[in-house]
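Colleague: The structure under discussion is supplied below as structure tokens; questions concerning it will follow.
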Amino acid sequence: MWTALKQQIRPTDIVIIIVLLILSFVPLFVFTSYHAGTQNDGEPTIATVSINGEVVDEFVLSEDTPHQEITYYPNDGQYNIIEIDGPRIRVKEDNSPDQIAVQTSWISRPGQTSICLPHRLMIEIKGGQSFDDDVIY
């Protein structure tokens, strides 16, 4: 079987296969380098906390951001404890049945989200955005 296969494959076939394999990774490299280049180091990273689609808080995430825990009560009998620790944020505790937001753990990069669907609470990380004066540092 292998001898028949060896007789059908030419050296140029191997070169073409290797080139195609290398080219298959080009879109990945272009995509990651584009996204790495669009993040501005001088711009703040903002965490937005929304309940029922309305922004209730915004936090600047940086090494200078103090550690804090904030409790939100989206509806009667529901609570979410949000923990901010420098450049990262998470849902530390909630009383939803599935605990998906708690299991998501820390988020810190623009584009990441943590969602507690039963409570309709969402934390979204945004980078390079302008922000209002009421942002908590």
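Colleague: Could you work out how far helix 26-38 tilts from the main Cα principal axis of the chain, as a 0 to 90 degree angle to the nearest 10?
Modeller: Around 30 degrees separate the two axes.
Colleague: Once both axes come from the Cα atoms, what is the angle between helix 11-24 and the longest principal axis of the chain, in degrees from 0 to 90, rounded to 10?
Modeller: Helix 11-24 and the main axis of the chain meet at about 10 degrees.
Colleague: Separate question: Give me the tail of P(r) for the stretch 16-122 as a percent: Cα-Cα pairs with distance above 18 Å.
Modeller: Taking all Cα-Cα pairs of the stretch 16-122, the fraction more than 18 Å apart is 57 percent.
Colleague: Next up: Would you please give the FRET efficiency between Thr104 and Phe31, computed as 1/(1 + (r/R0)^6) with r the Cβ-Cβ distance and R0 = 22 Å, to the nearest 0.05?
Modeller: 0.40
Colleague: If you add up the charges near Ile89, with Lys and Arg at +1 and Asp and Glu at -1, over every other residue whose beta carbon is less than 13 angstrom from its beta carbon, what do you get?
Modeller: My count for the surroundings of Ile89 gives -1.
Colleague: As a test of reading the structure, rank His67, His119 by solvent-accessible area (1.4 Å probe, protein chains only), most first.
Modeller: Listed by decreasing accessible area, they come as His67, His119.
The values are calculated or read from the model by the stated rules, or taken from the named source; none is laboratory data. Worth saying up front: this structure is predicted, and the values here are computed from it rather than measured. Positions of Cβ are generated from backbone atoms using ideal geometry, with glycine treated the same way; all protein chains shown enter the neighbour counts. Heads up: the accessible areas ignore ligands, DNA and RNA and are worked out on the full protein's heavy atoms, side chains in. Shrake-Rupley method; radii C 1.70, N 1.55, O 1.52, S 1.80 Å.
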